[in-house]
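Engineer: Structure in structure tokens, see below.
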Amino acid sequence: MYSINKFLKRFFDIVICSIAIIVLTPLWIIVAIAIKCDSKGPVFFAQERRTKNGRIFRMYKFRSMVVNAESMGAGLFNYENDPRVTKVGRFLRNTSIDELPQLWNVIKGDLSIVGPRPCVKYELGDFDTLNKKYKKRFEVRAGITGLAQVKGRNENSWEEKVTYDNQYIDEFKKQGLWLDIKILFSTVAKVFRKQDIYEEKVDSTMDDAESARLAEEEIIRLAHLPDEEEITVG
């Protein structure tokens, strides 16, 4: 039954994304023009991320920040009023339109519509030494949206995100494609309500860069904690 559900999931992904790309082509053109008129740089932003089994791929988005933003300020984190975000980029992020190019990643087989969000290549530290909890989320293809996104998106800590990701993997084995459909509808509703777009700082008194540095260190620490059974044995 699980094999059938995986086949239906992939079929659903390809059909829905193919239709969406065709229907949204006029919007893509408008967004591309707006980005080029608003700031210097390419229309698309590509970033190395991890999907199933830790495989690295290039994920695409509409560029919503200034060029080389990843090496400035908060790095991978995006706090409210981030100065790196362009005027058009803020609108794209608020409406999640910046995520649309990932439809091509789904067609290519890098992503699924629903699954754990793909982490940046180096975001969790060394992939090979991740503990079992954090590595489990890589048992399936990463997704454009997922259970963690409808349960809180950026307001969730990485621990909460991973817990929801692993819950999704377990629940998909029971519910199959129906679970993806429910999450997809919940995602659309959340986008319209513009909820949980920005991440929260470790400490509101810190500047963006310092808060991001501490948050990144904590994420890597948690991802490499010994597994519970190892702690028990020790």
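No lab work stands behind these numbers, since they all come straight from the coordinates. Just so it is clear, the structure is predicted and the values come from calculations on it, not from any experiment. FYI the Cβ positions are ideal-geometry reconstructions off the backbone, even for glycines, and counts take in every protein chain you see.
Engineer: How high is the relative contact order of the chain, in percent, counting Cα pairs under 8 Å that sit 6 or more residues apart?
Structural biologist: Working: 311 pairs, mean separation 52.6, N = 234.
With pairs under 8 Å counted, the relative contact order is 22 percent.
Engineer: What's the whole-number percent of alpha carbon pairs in the stretch 50-136 lying beyond 18 angstrom? The partial results should precede the final answer.
Structural biologist: Values: 1952 of 3741 pairs.
I get 52 percent for the Cα pairs in the stretch 50-136 exceeding 18 Å.
Engineer: Which residue, 150, 102, 47, has the largest displacement toward the positive end of the dipole of the chain when charges sit on each Cβ (Lys, Arg +1; Asp, Glu -1)?
Structural biologist: Final value for the positive-end residue is 102.
Engineer: Something else about it: Going Cα to Cα from residue 133, which lysines come in below 23 Å? Please leave out same-chain ones fewer than 8 positions away.
Structural biologist: 6, 52, 121, 151, 161, 173, 174
Engineer: Let me ask something else about it. What is the P(r) of the stretch 2-224, as percent of Cα-Cα pairs per 5 Å bin from 0?
Structural biologist: Histogram of Cα-Cα distances, whole percents per bin: 1, 7, 14, 18, 21, 18, 12, 6, 2, 0, 0.
Engineer: Could you sort the peptides 29-36, 46-53 by per-residue average Cβ neighbour count (10 Å cutoff), highest mean leading?
Structural biologist: Details: 29-36: 15.4, 46-53: 16.9.
For the peptides 29-36, 46-53, the packing ranking is 46-53, 29-36.
Engineer: What shape does the stretch 1-83 take by its C-alpha gyration tensor, where a ≥ b ≥ c are the square roots of the eigenvalues and a/c under 1.5 counts as rounded, a/b above b/c as prolate, and the rest as oblate? Kindly include the intermediate steps, with their values, before the conclusion.
Structural biologist: Details: a/c = 3.00, a/b = 1.49, b/c = 2.02.
Because a/c hits 1.5 or more and a/b fails to exceed b/c, the stretch 1-83 counts as oblate.
Engineer: In whole Hz, with x marking every Gly and Pro, tabulate ³J(HN,Hα) for the stretch 86-94 from phi via Karplus 6.51 cos²θ - 1.76 cosθ + 1.60, θ = phi - 60°.
Structural biologist: In residue order, the calculated couplings are 6, 4, 5, x, 5, 5, 4, 5, 4 Hz.
Engineer: May I pose another question? How much of the DSSP bridge set in the chain is antiparallel, in percent, rounded to the nearest 5?
Structural biologist: Working: 9 of 12 bridges.
Around 75 percent antiparallel, to the nearest 5.
Engineer: What does the charge add up to near residue 48, with Lys and Arg as +1, Asp and Glu as -1, over the other residues with Cβ less than 12 Å from its Cβ?
Structural biologist: Values: positive: 49, 50, 55, 58, 121; negative: 70, 110, 123.
Here the charged neighbours net out to +2.
Engineer: Now, a different point. How would you rank 217-223, 21-27, highest first, on the average number of other Cβ atoms within 10 Å across their residues? Could you put the intermediate results ahead of the total?
Structural biologist: Values: 217-223: 16.0, 21-27: 10.9.
Highest mean packing first, the order is 217-223, 21-27.
Engineer: Sticking with this one: Using +1 on the beta carbon of Lys and Arg, -1 on that of Asp and Glu, and nothing else charged, what's the dipole of the chain about the Cα centre, debye to 20?
Structural biologist: 1260 debye
Engineer: Rounded to whole Å, give me the distance from the Cα center of the stretch 17-83 to that of the stretch 103-140.
Structural biologist: Cα centroid of the stretch 17-83 versus Cα centroid of the stretch 103-140: 18 Å apart.
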